[in-house]
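Undergrad: Pasting a structure here, questions to come.
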Amino acid sequence: MKKEKLGTSVFFSLLILLLAEIACTFGATALAATMPVFEPLPSIDAQVDKPTAVTVDAQGRLYVAESENNWVLVFTQGGQYLATLTGLAKPISVAVDAAGRIYVGRASLGNVTVFAADFTKQLKLGNGDGEFIEPADIDIDSSGQIYVVDKDNNTVRVYNAAGVLLKSIGTRGNGNGQLYHPTSLAIDPVSFELVIIDHPQIWDDFPQALVDGARIQFLGMDGTFHRGYPKFGYNMNAGQLVKPMQVAVDPDNRIYVSESRWQKVMVYGKDGVFLGMIDNNTHPLRTPLGLCMTAASHLYVASLLGEKVDVYGIDAHSTMSLAPSTLNFTTTEGGNAPDPQTVTIKNNGKQALTWTATTTTAWLNLDPAVGTLQPTTTGALTVGVKNTGLAQDTYQGSISIMVLGMTEKVAVP
């Protein structure tokens, strides 16, 4: 009896192992990356001069750092100019956390300064001025930890929200897990990896000299080396890189690299396989630097010499526009309420949008408060005024219309 049971047990174990191998094989095949479908969207050029770095906040607002002009510009996700954070000393990197705090890497002072959403200065990371040699890029993980790429210190430094240094990742060198002149970092929230662009020294036969090369490295969140792919070379069509600047990651683990020599955005799978290039033949990229991928699948590219931020919709991207952006009502004290007005909401994207309209203004009435729009269709939000109990005066209010990764506001002055 024991022998029969043992034989049966072994048979089932082998069967389970065989099935597990089959499942793993099919899973690996299904995950092979493909080149994204991309669509050029209207660029953001009003007010933009020499964009260096870009990022977005939780509401989809765009922040554009311009190191030559010592400021950071702020736009809605639709490209409407909102404000300027001025008085900065050569800002070369920018990020925004979940609370709306703005982190600006300043090259001339070697610091990362933190501002509140209203532009009030709060603190500087670490020891302040001189903490970094060149804070080339900033990213923030889901727990609120801040990662700063210090190019000439050959390291990535990690801080908590209070600005206290927690650890440093990487040591100077060309080996696996080491860093040499890193210029950019992106956090892959799916695989929980740090994707880093650095430039290990290599021999280049063309100038017959040692040059800064090009490499994409994948590290664990603790800095442990996972894998790396040397990419330096002069064959653009094979995905080789000469001067990669910034990196971004999409929800499908695809890697986007701005290549200022080729004037393209190069796209790779998480296995390092080259997938293709992004550009706009009608309005080509010119010295692409900063990159940012949004929750709505918009890729923003800071085009330095193009004097604009190029925008691409990736795959089934979401895009919303509103008209008008301002409503005006006039009524008489004690009289009838003014006629309602309409805000038109348009879905310019590739997938259905479910929007929600909210207001904290007690005298505004919204109908409906929720709606769904199919691609290329429009919907209407009716806005009314409840003037009962309002004394003679001028009142101000606003309406927020939200979809995933995007919020647009309508002012009611």
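Undergrad: Between region 377-413 and region 204-265, how far is it from one alpha carbon centroid to the other, in angstrom?
TA: 46 Å
Undergrad: Over the Cα atoms of region 65-131, each weighted equally, I'd like the Debye log10 I(q)/I(0) at q = 0.11, 0.13, 0.15 Å⁻¹, rounded to two decimals.
TA: The computed values of log10 I(q)/I(0) come out as -0.24, -0.33, -0.44.
Undergrad: Averaging the inverse of every distinct alpha carbon separation and then flipping it gives the Kirkwood radius. What is it for the chain, in angstrom units?
TA: 23.6 Å
Undergrad: HN-Hα J couplings of region 120-136 from phi, Karplus 6.51/-1.76/1.60, θ = phi - 60°, integer Hz, Gly and Pro as x?
TA: 5, 6, 10, 6, 10, 5, x, 8, x, 4, x, 5, 10, 8, 8, x, 6
Undergrad: Shifting gears a bit: About its Cα centre, what dipole magnitude does the chain give when the only charges are +1 on Lys and Arg Cβ and -1 on Asp and Glu Cβ, stated in debye to the nearest 20?
TA: Here the size comes out at about 700 debye.
Undergrad: Name the shape class, rounded, prolate or oblate, that the alpha-carbon gyration tensor gives for region 364-413, where a ≥ b ≥ c are the square roots of its eigenvalues, rounded holds for a/c under 1.5, and otherwise prolate holds if a/b is larger than b/c and oblate otherwise.
TA: It comes out prolate by the Cα gyration axes.
Undergrad: Carbon and sulfur together cover what percent of the accessible area of the chain at a 1.4 Å probe radius?
TA: Accessible surface attributable to carbon and sulfur in the chain totals 54 percent.
Undergrad: In a shell of Cβ-Cβ distance under 14 Å around Ile140, excluding Ile140 itself, what net charge do Lys and Arg (+1) and Asp and Glu (-1) give?
TA: Result for the neighbourhood of Ile140: -4.
Undergrad: Okay, moving on. Please report the base-10 log of the normalised intensity I(q)/I(0) for region 226-368, using a Debye sum with one equal scatterer per alpha carbon and no solvent, at each q in 0.09, 0.11 (1/Å).
TA: So the normalised log intensities are -0.44, -0.58.
Undergrad: May I have the convex hull volume per residue, in Å³, for the Cα set of region 29-178?
TA: Output value, Cα hull per residue: 158 Å³.
Undergrad: Work from the charge dipole of the chain (Cβ charges, +1 for Lys and Arg, -1 for Asp and Glu, about the Cα centre) and give the residue of Ala58, Pro230, Ile92 farthest towards its positive end.
TA: Pro230
Undergrad: Averaged over every viewing direction, what's the projected area of the C-alpha convex hull for region 318-413? Give it in nm², one decimal, please.
TA: 5.7 nm²
Undergrad: Residues with beta-carbon under 14 Å from that of Ala296, excluding Ala296: net charge, scoring Lys, Arg +1 and Asp, Glu -1?
TA: Its environment carries a net charge of -3.
Undergrad: Give the Debye-formula value of log10 I(q)/I(0) at each listed q (0.29, 0.31 Å⁻¹), with one equal scatterer per alpha carbon of region 332-384, two decimals each.
TA: -1.13, -1.21
Undergrad: Order of 169-180, 379-390 by packing, highest average Cβ count within 10 Å first?
TA: Descending mean neighbour count gives 169-180, 379-390.
Undergrad: Let me ask another. Mind pulling up the Rg/Rh value for region 127-203? Radius of gyration and Kirkwood radius, both on Cα.
TA: Dividing the radius of gyration by the Kirkwood radius yields 0.97.
Undergrad: Let me ask something else about it. Out of all DSSP beta bridges in the chain, what portion is antiparallel? Express it as a percent rounded to 5.
TA: Counting only bridges with both partners in the chain, antiparallel ones make up about 95 percent.
Undergrad: Test of understanding: what is the full-extension gain from Phe119 to Tyr234, defined as 0.36 nm times their sequence separation minus their Cα-Cα distance?
TA: Value of the extension gain: 37.1 nm.
Undergrad: Pairs of alpha-carbon atoms within less than 8 angstrom and 6+ residues apart define the contacts here; what relative contact order does the chain have, in percent?
TA: Here the relative contact order equals 11 percent.
Undergrad: Could you sort the peptides 40-51, 60-71, 291-302, 156-167 by per-residue average Cβ neighbour count (10 Å cutoff), highest mean leading?
TA: Order by mean packing, descending: 291-302, 60-71, 40-51, 156-167.
Undergrad: Based on the Cβ-Cβ distance of Ala411 and Ala46, what FRET efficiency does E = 1/(1 + (r/R0)^6) give at R0 = 22 Å, to the nearest 0.05?
TA: Calculated transfer efficiency: 0.75.
Undergrad: Just to confirm a number: summing +1 for Lys and Arg and -1 for Asp and Glu over residues other than Gln374 whose beta-carbon lies under 14 angstrom from that of Gln374, what do you get?
TA: +2
Undergrad: Additional query: Round to the nearest 10 and give me the degree value, 0 to 90, for the angle of helix 2-30's Cα axis relative to the longest principal axis of the chain.
TA: Rounded to the nearest ten degrees, it is 60.
The values are calculated or read from the model by the stated rules, or taken from the named source; none is laboratory data. This is a predicted model, so every value here is computed, not measured. Every residue, glycine among them, receives a Cβ derived from its backbone with ideal geometry; neighbour counts consider all protein chains shown. To get the accessible areas, we keep the full protein, side chains included, count just its heavy atoms, and leave off ligands, DNA and RNA. Shrake-Rupley method; radii C 1.70, N 1.55, O 1.52, S 1.80 Å.
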